[in-house]
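Visitor: Take a look at the following structure, please.
The values are calculated or read from the model by the stated rules, or taken from the named source; none is laboratory data. As the structure is a computational prediction, the values presented were derived from the model and not from experiment. FYI the Cβ positions are ideal-geometry reconstructions off the backbone, even for glycines, and counts take in every protein chain you see. Accessible surface areas use protein heavy atoms only, side chains included; no ligands, DNA or RNA. Shrake-Rupley method; radii C 1.70, N 1.55, O 1.52, S 1.80 Å.
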Amino acid sequence: MDARIEQIHSPSDLKRLSRRELSEYCVALRTCIIETVTQTGGHLASALGAVELAVALHYVFDAPKDKILWDVGHQAYVHKLITGRADRFASLRTNGGISGFPKMSESEYDAFTMGHASTSLSVGLGYVRARDRLKQDYQVVSVIGDGALTGGMAFEALNDIGAYGAKMLIVLNDNKMSISQNVGAMSKYLNKLRVSKRYSKLKSTVKKGVLGIPLFGQNIYKALGKTKDGLRAVLQQNKMFEQMGIRYFGPIDGHDLSDLISTLSRIKEETGPVLLHIVTEKGKGDPNAQSDPSHFHGVSPSSAAQENTFSSVVSDFLCQEAEKDERITAITAAMAYGTGLDKFSERFPDRFCDVGIAEEHAVTLSAAMAAGGLKPYFAVYSTFLQRGFDQILHDVCINKLPVTFLIDRAGAVGSDGVTHQGIYDLSYLLPIPNMTVLTPKDGNELRGMLEFSLTFNGPLAIRYPKSYTDNAPCSLIDYGKWEKVRNEKSSVTILAAGNRALQAAMGTKGASIVNARFIKPLDAEMLSSLNKENTLLITVEDNALCGGFGEAVLSYVSHSTKIGAKVQRIGYEDAFLDNYSVSDSLQAAGITTQNLQSIIDSFTAKE
């Protein structure tokens, strides 16, 4: 590791560096991040874009007393390097290593555990209210990206911040992107602020002229700095934030370290809420990440193998069917690339909706599209769909509308850690009336389920992990019917829900195996035939046990009028999942051939 990084163990070490040394330190940080993320995987482009910002914030403010809050946390790698974790940075996103996101249990410098977008403003105001109520003395800085600013929660917080009027700093890190290219009116509004040529030209002219004054130029320019923020606001005619009661500064170059430090130092003395608008370049320092920041938002480890992805199956199918049916519409919440909808967006731009980081809006938008006669498909990661629960219940399912939810990254996700695990979607979808839930065993079966969705006239959720390992032939998808993939003369039957569960089951011996592809409704006919005395049903799911598939089977059996089978459930216990490896998560939950075989052998030995 570069000696310039090794010498910084805390923000106090940073404050001893000269401006020239700080600039050299930024170069070393970028090199370290590129080298590490190439090996471990992680969020590259966003971290590279926030190097100077993190350095400036820690140079000006006094963490951990002052609270620096990183929305989402993709851009917090430099924050971790500055705050005593440089010697462990090579362990990023690995078991026993450091998290890819801010995490309260990891460091006192991580003021809040972050992973989802649009939260830092609410968190910041919460700290401010606590500070003021308890008569404490510290500063609060909430960093939020322009992509996260499209989230409704951010506007709810801005409204409250302006009304409360207390001292806090919002840093709007504007790189013109979230994961995909930013969209919507807010993006256009920020663009107007970025391209205020009148102000930029005047600033450049004044700076050049004043600094050219012999002996006194530098001092005069510093003095002008006290008035230029007011001039900037007048010239740009910025109104929105000011009308909310939040003083606006910017935009300034987020890679000009000296200007950042000077501006933050001045703003630090403000007495009310302030928003500093900085413009940065996502992926700065890496030519590949700069030219294609969407692709390099998150990168896989260099050792990662090529995978068959469910996302690509979705992409191919929707593009194919959209050629035949003009009603088909695809919706995403700033995740076009990750969910496989980027190809659809290119081929059918008029039938593609990227609503930004606004999952609640995406769900209700889809509901109304369906009510209006379209066939909407909302592709979304499991962890992000959590935000749309009320809209699924209230707007889609009460109205029985034919919206198809394509729930990507379901189950254990590994390296993104505790905030991104997709192990709760079955638990929050199954209680909702009118909802149908499927999970495919492989890519072929996903295609069959998508075919089924074309004519299904109600709320439908299809959930799947990132990749699959099998590609077996798909039998006809018949509503509410399971598939028996292995039939043995055995007292044990494994009910496997999804690709990972079925993979673990297929390696066992001495048990029948059912592909329980319909999670809701259960296949009551098959389940009734299997529900016999002195038999064992093993349910396996890549989901939390509480409220999941196994609990639904157990409820069915326990309500049976006859003495039925014993049910043993395999899935995730009632604790947050924080493994950075999918295989380790599956091992811990017992979703393995070895564990299932042990259960089979133990039961049959007692017969």
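Visitor: For region 472-607, compute Rh as the Kirkwood radius over C-alpha pairs and then the Stokes-Einstein diffusion coefficient at 25 °C and 0.890 mPa s; write the answer in µm²/s, rounded to an integer.
Guide: Rounded to a whole number, D works out at 162 µm²/s.
Visitor: Determine the dipole magnitude for region 394-472: charges of +1 sit on the beta-carbon of Lys and Arg, -1 on that of Asp and Glu, nothing else is charged, the reference point is the Cα centre, and the result goes in debye to the nearest 20.
Guide: Dipole size: approximately 80 debye.
Visitor: What do the square roots of 5 times the Cα gyration tensor eigenvalues come to for the chain, in whole Å, largest first, as semi-axes of the equivalent ellipsoid?
Guide: Value: 50, 26, 21 Å, ordered largest first.
Visitor: Can you bin region 393-494 into rounded, prolate or oblate? Criterion: square roots of the alpha carbon gyration tensor eigenvalues sorted a ≥ b ≥ c, rounded for a/c under 1.5, prolate for a/b above b/c, oblate for the rest.
Guide: The shape class here is oblate.
Visitor: For Glu21 and Asp256, FRET efficiency with R0 = 22 Å and r from the beta-carbon atoms, rounded to 0.05?
Guide: FRET efficiency, Asp256 to Glu21: 0.85.
Visitor: Let me ask you something else. Under 5 Å between amide H atoms, partner at least 5 residues away or on a different chain: which partners does Ser467 have, H built in plane at 1.01 Å?
Guide: Phe310
Visitor: Once you charge only the Cβ atoms, +1 for Lys and Arg and -1 for Asp and Glu, what is the size of the charge dipole of region 487-571 about its Cα centre, to the nearest 20 debye?
Guide: 140 debye
Visitor: Here is a further query. Given a 1.4 Å probe and every protein chain left where it sits, what share in percent of the accessible area of the chain is carbon and sulfur?
Guide: The computed percentage sits at 52.
Visitor: I need the phi-derived Karplus couplings for region 510-520: 6.51 cos²θ - 1.76 cosθ + 1.60, θ = phi - 60°, integer Hz, Gly and Pro marked x.
Guide: x, 8, 6, 10, 10, 7, 7, 6, 9, 8, 9
Visitor: Residue by residue through region 25-40, what is 3J(HN,Hα) from phi via Karplus (6.51 cos²θ - 1.76 cosθ + 1.60, θ = phi - 60°)? Round to whole Hz and write x for glycine and proline.
Guide: For region 25-40, the Karplus curve yields 4, 4, 4, 5, 4, 4, 4, 4, 5, 4, 5, 6, 5, 4, 7, 9 Hz.
Visitor: Sticking with this structure for a sec: What is the helix-to-structure angle for 197-211, meaning the angle in degrees between its Cα long axis and the longest Cα principal axis of the chain, kept from 0 to 90 and rounded to the nearest 10?
Guide: 40 degrees
Visitor: Mind pulling the angle between the C-alpha long axis of helix 443-455 and the longest principal axis of the chain? Nearest 10 degrees, somewhere in 0 to 90.
Guide: 90 degrees
Visitor: Here is a follow-up. Per residue, how much accessible surface does region 421-464 expose to a 1.4 Å probe? Answer in Å², no decimals.
Guide: 24 Å²
Visitor: If you don't mind, another one. What are the ³J(HN,Hα) couplings of region 321-335, residue after residue, when phi is run through the Karplus curve with 6.51, -1.76, 1.60 and θ = phi - 60°? Round to Hz, x for glycine and proline.
Guide: Listing the rounded values in order: 6, 5, 5, 9, 10, 6, 6, 5, 10, 10, 10, 9, 10, 6, 10 Hz.
Visitor: Work out, in µm²/s and without decimals, the Stokes-Einstein translational diffusion coefficient of region 51-185 at 25 °C, 0.890 mPa s, Rh from Kirkwood over C-alpha pairs.
Guide: 160 µm²/s
Visitor: From the cross-link list Lys80/Lys284; Lys80/Lys466; Lys284/Lys375, which pairs have alpha carbons spaced over 30 Å apart?
Guide: The pairs that break the limit, which is 30 Å between Cα atoms, are Lys284/Lys375.
Visitor: List the relative contact order of region 13-81 as a percent without decimals, with contacts defined as Cα pairs under 8 Å and 6+ residues apart.
Guide: The normalised contact order for region 13-81 reaches 36 percent.
Visitor: Percent antiparallel among DSSP beta bridges with both residues in the chain, to the nearest 5?
Guide: 15 percent
Visitor: What nm value, rounded to one decimal, do you get for the distance between Asp574 and Ser598 when each label is placed 7 Å out toward the C-beta?
Guide: So the label points at Asp574 and Ser598 sit 2.3 nm apart.
Visitor: Please compute the net charge surrounding Thr364, taking Lys and Arg as +1 and Asp and Glu as -1 over other residues with Cβ under 13 Å from its Cβ.
Guide: -3
Visitor: Taking amide hydrogens as modeled 1.01 Å from N in the peptide plane, which residues meet the under 5 Å criterion relative to Val492, leaving out close sequence neighbours?
Guide: Ser512, Leu536
Visitor: Same structure, new question: Can you give the charge dipole size of the chain about its Cα centre, rounded to the nearest 20 debye, using +1 on the beta carbon of Lys and Arg and -1 on the beta carbon of Asp and Glu?
Guide: Dipole of the chain, to the nearest 20 debye: 1740 debye.
Visitor: Grab the DSSP H runs of the chain that are 4 residues or longer, score each as -39,500 (n - 2.57), total them, divide by all residues and round the 222 nm result to the nearest 500 deg cm²/dmol.
Guide: -11500 deg cm²/dmol
Visitor: A 19 angstrom limit on the alpha carbon distance is what I want to check against. Which of Lys67/Lys135; Lys509/Lys606; Lys67/Lys176; Lys67/Lys103; Lys532/Lys566; Lys489/Lys606 exceed it?
Guide: From the list (Lys67/Lys135; Lys509/Lys606; Lys67/Lys176; Lys67/Lys103; Lys532/Lys566; Lys489/Lys606), the Cα-Cα distance tops 19 Å for Lys67/Lys176.
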